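A quick write-up on the structure given underneath.
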Amino acid sequence: MKNSIIRSLMAVWATTLLLALTGRAGAVVAATSKTESFKGTITAVDQKEKTFAVRGFWTTRTFNAGDHCKVSLEGKQDAELKDLLPGYRVEVTYVENYGVKIASQVAQKNLVFTGNISAIDPTARILKVKRGMISETFVAGDQCKIIIREERNKALADLRIGQKVTVSYSAPGGPKLAQRIEQTGAVFTGTVEAIDADDRTVKAQHILSEKKFNLAKDCPIVIAGKPDGKMSDLRIGDKLTVHYEDVDGVYVATSIAREAAPTKPAAEVTKTETPSRESN
């Protein structure tokens with residue numbers, strides 16, 4: 001009887017000790033398994049080893065993709081590790097156990113650049129976009145989606161110098177490849193009624209509609225196809241095409257293009273006829 005009681009007590013003690021040790025181990029795992037996130041650009045993918053490297057602002061980190069790691073791309077929610085490509089930007093959700101980074105989710109996104117078009121070559125499918133002092137050159141592939149004011153399936157030739165666009169692109173070690181080019185906002189075509197260079201405003205009228213536009217800080221003025229015009233180049237009566245955004249009733253011009261002035265006909269040469277003298 002006594003031995004039975006001792007054995008029971010030892011079993012209880014062993015169970016308690018095991019539970020305590022398991023709890024401590026779980027606590028250690030929990031302490032080292034805090035979910036974190038990391039943003040950067042993919043530099044390498046090893047599908048066989050199920051690893052990938054991401055370069056951030058300060059450092060490059062290598063992640064192991066867990067068996068249940070969810071991979072998503074823009075336009076493709078159910079992707080795989082093989083779909084990840086160097087040069088793309090990603091956000092990785094992961095846990096770190098004893099120094100090993102294990103990814104549970106990878107969201108791949110295109111890089112984005114917003115600015116005004118400074119040059120277009122529809123034949124070579126090259127687009128140059130400038131924002132302040134920064135200028136980027138993009139190659140629009142055959143699969144590049146071009147959207148102009150919510151109208152899809154537009155062509156590169158439908159874009160114009162000076163227009164403000166947002167370019168989603170990838171940079172897989174070579175030229176920047178545009179995946180999507182979008183030109184938003186509204187457009188207004190009319191005749192200049194008033195110009196205020198101090199306030200940087202222009203009033204234009206079309207039939208019975210008149211709008212006042214506040215020029216954005218980087219608003220280009222396109223004259224003769226070149227986006228280097230100035231407000232002093234505008235005149236009352238000029239016909240303009242204004243791309244703008246309606247911000248709570250305030251019209252902010254993102255680009256202004258002056259249409260070419262009609263060519264004046266050459267002055268007519270007036271011939272003065274000399275009356276013939278009659279012979280006496």
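The values are calculated or read from the model by the stated rules, or taken from the named source; none is laboratory data. All figures in this text were calculated on a predicted structure; none of them were measured in a lab. So basically every Cβ, Gly included, is an ideal-geometry build from the backbone, and we count neighbours across all protein chains shown.
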Would it be correct to say that LEU73 is touching a Phe, Trp or Tyr at 6+ places or on another chain (Cβ under 8 Å) and among the aliphatic types (A, V, I, L, M)? no
For the range 54-113, give me each residue that is of a type in the set (Ser, Thr, Tyr) and within 30 Å of VAL165 (Cα to Cα). SER72, TYR88
Suppose the filter is surrounded by 13 or more Cβ atoms within 10 Å (Cβ to Cβ), farther than 30 Å from ILE42 by Cβ, among the hydroxyl-bearing types (Ser, Thr, Tyr) and out of contact with any His (no Cβ under 8 Å at 6 or more places or on another chain); does THR184 pass it? no
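Test of understanding: among ILE161, ILE148, which residue is touching a helix residue (DSSP H, G or I) at 6+ places or on another chain (Cβ under 7 Å) and outside the structural domain of ARG55 (by TED's automatic domain parsing)?
ILE148
Can you tell me which residue among LEU215, LEU177, LEU159, LEU234 is closer than 30 Å to LEU84 by Cα and crowded, with 16+ Cβ neighbours inside 10 Å?
Selected residue: LEU177, the only one of LEU215, LEU177, LEU159, LEU234 that is closer than 30 Å to LEU84 by Cα and crowded, with 16+ Cβ neighbours inside 10 Å.
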Applying the selection to the range 159-213, what residues are in a strand (DSSP E or B), in contact with a Leu (Cβ under 6 Å, 6 or more places away or on another chain) and not β-branched (Val, Ile, Thr)? TYR169, SER170, ALA204
Consider SER118 carefully, then state whether it is without any contact (Cβ under 8 Å) to a residue 24 or more places away in the chain, within 19 Å of PRO220 (Cα to Cα), assigned to a strand (DSSP E or B) and out of contact with any Cys (no Cβ under 8 Å at 6 or more places or on another chain). no
I'm told GLU91 meets every condition in (1) in contact with a Ser or Thr (Cβ under 7 Å, 6 or more places away or on another chain); (2) surrounded by fewer than 16 Cβ atoms within 10 Å (Cβ to Cβ); (3) at positive phi except one. Can you identify the failing condition by its number? (3)
One residue from VAL202, VAL250, VAL192 being surrounded by fewer than 12 Cβ atoms within 10 Å (Cβ to Cβ) and modelled with pLDDT of 95 or more: VAL250
Quick one: would you say ASN153 is touching a residue at least 12 places away in the same chain (Cβ under 8 Å) and out of contact with any helix residue (DSSP H, G or I) (no Cβ under 7 Å at 6 or more places or on another chain)? no
Out of the range 121-150, which residues are exposed (fewer than 12 other Cβ atoms within 10 Å of the Cβ) and within 20 Å of ASP218 (Cα to Cα)? GLY132, MET133, ILE134
